Amino acid sequence: MTADSGYFSEQNVARAASIGIHAYIATGRLKHGEQPPPVRGRMPRDLSLKEWMARRLKTKKGREVYARRKVAAEPPFGQIKQARGFRQLLLRGLQKAKGEWALTCLTHNPRKLFHVAAA
């Protein structure tokens with residue numbers, strides 16, 4: 001499991017470990033394109049949970065696993081915002097807003113297929 005720094009807490013890390021999930025949760029932010037310095041050697045035993053997670057993410061495996069976040073669910077949101085210009089909901093009320101968002105998501109992939117077929 002991977003998550004950004006907004007989800008990091010010792011409680012979340014401990015809960016994931018208790019149910020057998022190998023979590024890779026960012027502990028802070030890096031500038032875009034900035035790579036953390038690689039680490040070598042064994043993990044010290046006296047690290048806090050936050051330091052342990054930060055070091056885990058700096059390992060070669062940690063960087064590879066965390067990089068997979070970029071190929072999962074994030075691109076469609078960027079495409080909807082940028083290519084379609086969907087910056088705000090037009091309808092008011094939770095039920096109407098949910099419906100508007102559901103319609104936007106429902107039409108995302110068929111719209112992409114239509115544009116590919118038309119080209």
Problem - Answer from Phe86, Phe77 - the residue that is in a helix (DSSP H, G or I) and either in contact with a helix residue (DSSP H, G or I) (Cβ under 9 Å, 6 or more places away or on another chain) or not β-branched (Val, Ile, Thr) (or both) - result: Phe77
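Can you pull out every residue in the stretch 11-30 that is hydrophobic (A, V, I, L, M, F, W, C) and either in contact with a Gly (Cβ under 9 Å, 6 or more places away or on another chain) or open to solvent by 40 Å² or more (accessible area, probe 1.4 Å) (or both)?
First, pick out the residues of the stretch 11-30 that are hydrophobic (A, V, I, L, M, F, W, C): 13-14, 16-17, 19, 21, 23, 25-26, 30.
Once the filter is applied, which keeps residues that are hydrophobic (A, V, I, L, M, F, W, C) and either in contact with a Gly (Cβ under 9 Å, 6 or more places away or on another chain) or open to solvent by 40 Å² or more (accessible area, probe 1.4 Å) (or both), the stretch 11-30 yields Ala14, Ala17, Ile19, Ile21, Ala26, Leu30.
One residue is enough: does the stretch 2-19 have a residue meeting the conditions touching a strand residue (DSSP E or B) at 6+ places or on another chain (Cβ under 9 Å), polar (S, T, N, Q) and at pLDDT below 90?
Yes, the stretch 2-19 contains at least one residue that is touching a strand residue (DSSP E or B) at 6+ places or on another chain (Cβ under 9 Å), polar (S, T, N, Q) and at pLDDT below 90.
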Exercise for the section: State whether one or more residues within the stretch 74-90 are under 20 Å from Ser9 (Cα atoms) and open to solvent by 70 Å² or more (accessible area, probe 1.4 Å). Expected result: no
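The values are calculated or read from the model by the stated rules, or taken from the named source; none is laboratory data. What you see is a predicted model; the values in this text were computed from it and never measured. We place every Cβ from the backbone using ideal geometry, glycine too, and count neighbours over all the protein chains shown. When the accessible area is computed, the model is the full protein with side chains, heavy atoms only, and any ligands, DNA or RNA have been set aside. Shrake-Rupley method; radii C 1.70, N 1.55, O 1.52, S 1.80 Å.
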